[in-house]
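Engineer: Below you'll find the structure I mean.
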Amino acid sequence: MQYQVHEMNIPRLCSSKPVRTIVFSFDENYAKYFSVILLSLLDHADPDVLYDLVVLYDKLSKRTRTRLGQLVPDGISLRFFNVRECAAAYFGDLASRASSPQWTAAVFYDLLVPFIMPEYERVLYCDSDMVFTADPGELFEMPFEGHPAIAVRDSLKMSAEIAPDNVFIQNQLAFLA
């Protein structure tokens, strides 16, 4: 089997301000959650920074993209990229690997970032159902100490360690296993 690289390449934004690129991937079902993280970013964003929000999607209506774009003020860039063909080129049929309504093909799109954003020195990938409680731009200044990536532990797993007797958390973990 010959490996074929897909030609999708997301260009960097140029600005007189520092640019901080944050990548998300979600579908129509998680757009409402993304609006929450977007609004929390607006509450904490450094006005001297251009935040470049890149959304990787395959099933996100034009209406939803327009409505989300209307939430974005100056100083924030919101760009949408349909990665369906690119994902198929790299991963084959992702839809058959999705195991539940919460785990759609969109959960795999973060794996495309190194391939479709090779010009970027650093990006922050965030799930769409998070909330910023501080300026996320500070994460771009963290030292990587020679590591290609840094990550945080999944909160569900952390919750299971904190509350091992919580039946709901244990059931969620069993469902995801």
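Engineer: Would you point out the residue of region 35-58, among those that are outside any helix (DSSP H, G or I), more than 15 Å from the chain's Cα centre (by Cα) and of a type outside the set (Asp, Glu), that is farthest from SER25 (Cα to Cα)?
Structural biologist: Of region 35-58, the ones outside any helix (DSSP H, G or I) are 45-58.
Going one step further and asking which of them are more than 15 Å from the chain's Cα centre (by Cα), we end up with 45-50.
This time we only want the ones that are of a type outside the set (Asp, Glu), so: 45, 47, 49-50.
On the way: ALA45: 20, PRO47: 25, VAL49: 22, LEU50: 20 Å.
Selected residue: PRO47.
Engineer: Any residue at all in region 23-45 that's among the aliphatic types (A, V, I, L, M), modelled with pLDDT under 95 and touching a His at 6+ places or on another chain (Cβ under 8 Å)?
Structural biologist: No, there is no match, as no residue in region 23-45 is among the aliphatic types (A, V, I, L, M), modelled with pLDDT under 95 and touching a His at 6+ places or on another chain (Cβ under 8 Å).
Engineer: Here's something else I'd like to know. Test VAL72 against the criterion of being part of a loop (DSSP other than H, G, I, E, B), farther than 20 Å from LEU111 by Cβ and open to solvent by 20 Å² or more (accessible area, probe 1.4 Å), and give yes or no. Steps first, answer last, please.
Structural biologist: Working: part of a loop (DSSP other than H, G, I, E, B): yes; farther than 20 Å from LEU111 by Cβ: yes; open to solvent by 20 Å² or more (accessible area, probe 1.4 Å): yes.
In short, yes.
Engineer: On to the next question. If I filter region 1-19 down to residues being within 16 Å of PRO114 (Cα to Cα) and of a type in the set (D, E, K, R), which single residue comes out as modelled with the highest pLDDT?
Structural biologist: ARG12
Engineer: Moving on to the next point. Applying the selection to region 95-129, what residues are part of a helix (DSSP H, G or I) and either buried (at least 19 other Cβ atoms within 10 Å of the Cβ) or modelled with pLDDT of 75 or more (or both)?
Structural biologist: To start, the set of residues in region 95-129 that are part of a helix (DSSP H, G or I) comprises 95-97, 105-116.
Correct list: ALA105, ALA106, VAL107, PHE108, TYR109, ASP110, LEU111, LEU112, VAL113, PRO114, PHE115, ILE116.
Engineer: Report yes if some residue within region 130-144 is at pLDDT below 85, among the β-branched types (Val, Ile, Thr) and surrounded by 11 or more Cβ atoms within 10 Å (Cβ to Cβ); otherwise report no.
Structural biologist: Taking region 130-144 first, the residues at pLDDT below 85 are 144.
With among the β-branched types (Val, Ile, Thr) added as a condition, the list becomes none.
Scanning region 130-144 turns up no residue that is at pLDDT below 85, among the β-branched types (Val, Ile, Thr) and surrounded by 11 or more Cβ atoms within 10 Å (Cβ to Cβ).
Engineer: Test each condition in (1) in contact with a strand residue (DSSP E or B) (Cβ under 8 Å, 6 or more places away or on another chain); (2) surrounded by fewer than 19 Cβ atoms within 10 Å (Cβ to Cβ); (3) of a type in the set (A, V, I, L, M) for ILE22 and report the one that comes out false.
Structural biologist: Single failed check for ILE22: (2).
The values are calculated or read from the model by the stated rules, or taken from the named source; none is laboratory data. Keep in mind that this is a model prediction, so the values were computed, not measured. Positions of Cβ are backbone-derived with ideal geometry, glycine not excepted, and every protein chain shown enters the neighbour counts. The accessibility values were calculated without ligands, DNA or RNA, using every heavy atom of the protein model including side chains. Shrake-Rupley method; radii C 1.70, N 1.55, O 1.52, S 1.80 Å.
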